[in-house]
Amino acid sequence: MTHTSRIPSSPPSHGWDIHCHTVFSDGTETPETLVDQARALSLDGVGISDHDTTAGWQHAEQAAHEAGMPLLRGTEITADDEGISVHMLAFQYDPRSRHICELFERTRASRLERTKRMVALLAQDYPISWNSVLEQVREGEQTTIGRPHIADALVAAGVYENRSAAFADAVSATSKYYIPTPSPTTHQVVKAVGEAGGVSIVAHAGDLSRNRSLISDAQLEALIDEGLDGLEVWHRGNPPEQRERLLALARAHGLLVTGGSDWHGKGKPNRLGENLTDDDTVDEIVRRGAIPLWR
Ligand SMILES: [Zn+2]
Ligand SMILES: [Zn+2]
């Protein structure tokens, strides 16, 4: 594996930020702003990776073309691996692939079902209904209806002052009304992304703030056997000892090593470009992918 020899032991000082969220998931800024800010920072290129959707790709393509900024097209897919929530970055896959469309469709349907069940539970004690939750959805069809909309319906009904207050109480993940978000397994994601001709990378696998226990080496190695392409090492959530662990795995298996800011605009403190992926690795992602690099 020729790529192994190129795995660096420290984060790149220039390159691409390929882990960025926009208003098409839970970011606060548009793809146009993402591209403008990436250009202002003189990044070599930028990647869009909204949660469980390709809805922002067209806007990003338009903006990137106008700004002359190369664009990697991706999605951050929430998956489950034996009870551990795992985020998986998928890049350069064919968005029309039946496999990936079915994966997103199944996830959307089961999440909708889950949100309806939560609303039914809450409606026993609070003045809300499925219709009053639907009234809070402004972003249209492509948005997954979830806890933020339930919270907004409770605010509209006068139960809480604001969304945060609802999240701190009835809508909280520890409340008795909570039902976990259904997700595909990591194995299903690696398979579907592979079938769609894309590149799959486990995001921030060493981030202890997300899970009581992290995805193990053995779990990662099972995914590597199934075709996982890489690991996101350069991410603010991965502490130094986890970066070492992930780098060792990457070296042992010839994986791609990526970095990204996990930018959410004003939604998180993460600064665009604070972590990067080097140009060689981006070239390799493009080489493996099903769609051309967008310029
Ligand atoms: Zn994530
Ligand atoms: Zn993210």
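The values are calculated or read from the model by the stated rules, or taken from the named source; none is laboratory data. For clarity, every value in this text was computed on a predicted model and none was experimentally measured. Glycine also receives a Cβ, built like all others from the backbone with ideal geometry; neighbour counts cover every protein chain displayed. What goes into the accessible areas is simple: the full protein's heavy atoms, side chains included, and nothing from ligands, DNA or RNA. Shrake-Rupley method; radii C 1.70, N 1.55, O 1.52, S 1.80 Å.
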Cβ-Cβ below 7 Å, separation at least six or inter-chain, first residue in segment 236-263 and under 27 Å from ILE48 (Cβ atoms), second within 16 Å of ligand 2 (Cβ to nearest atom) and of a type in the set (Ser, Thr, Tyr): which pairs? GLY237/SER209; THR258/THR277; GLY259/THR277; GLY260/THR277
For segment 76-87, pairs from a residue that is in contact (Cβ under 8 Å) with a residue 60 or more places away in the chain and on the phi > 0 side of the Ramachandran plot to a residue that is near ligand 2 (Cβ under 10 Å from one of its atoms) and in a strand (DSSP E or B), with Cβ under 8 Å and 6 or more apart or across chains, are none
Checking LEU89, LEU72 in turn, the sole residue that is among the hydrophobic types (A, V, I, L, M, F, W, C), within 24 Å of ARG287 (Cβ to Cβ) and touching an Asp or Glu at 6+ places or on another chain (Cβ under 9 Å) turns out to be LEU89
Look through ALA67, ALA120 and report the one residue that is open to solvent by 10 Å² or more (accessible area, probe 1.4 Å), assigned by TED's automatic domain parsing to the domain that holds ALA151, small (Gly, Ala, Ser) and at pLDDT 95 or above. ALA120
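In segment 282-295, which residues are touching a helix residue (DSSP H, G or I) at 6+ places or on another chain (Cβ under 8 Å) and under 24 Å from ILE7 (Cβ atoms)?
GLU284, LEU293
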So which residues in segment 162-192 are part of a loop (DSSP other than H, G, I, E, B) and either under 21 Å from the mean Cα position of the chain (by Cα) or hydroxyl-bearing (Ser, Thr, Tyr) (or both)? SER172, ALA173, THR174, SER175, TYR177, TYR178, ILE179, PRO180, THR181, PRO182, SER183, PRO184
Those residues that are within 15 Å of ligand 2 (Cβ to nearest atom) and outside any loop (DSSP other than H, G, I, E, B), I need them from segment 267-295; list them, please. GLY267, THR277
Of GLY47, GLY83, which residue is of a type outside the set (Asp, Glu) and away from ligand 2 (no atom under 15 Å from the Cβ)? GLY83
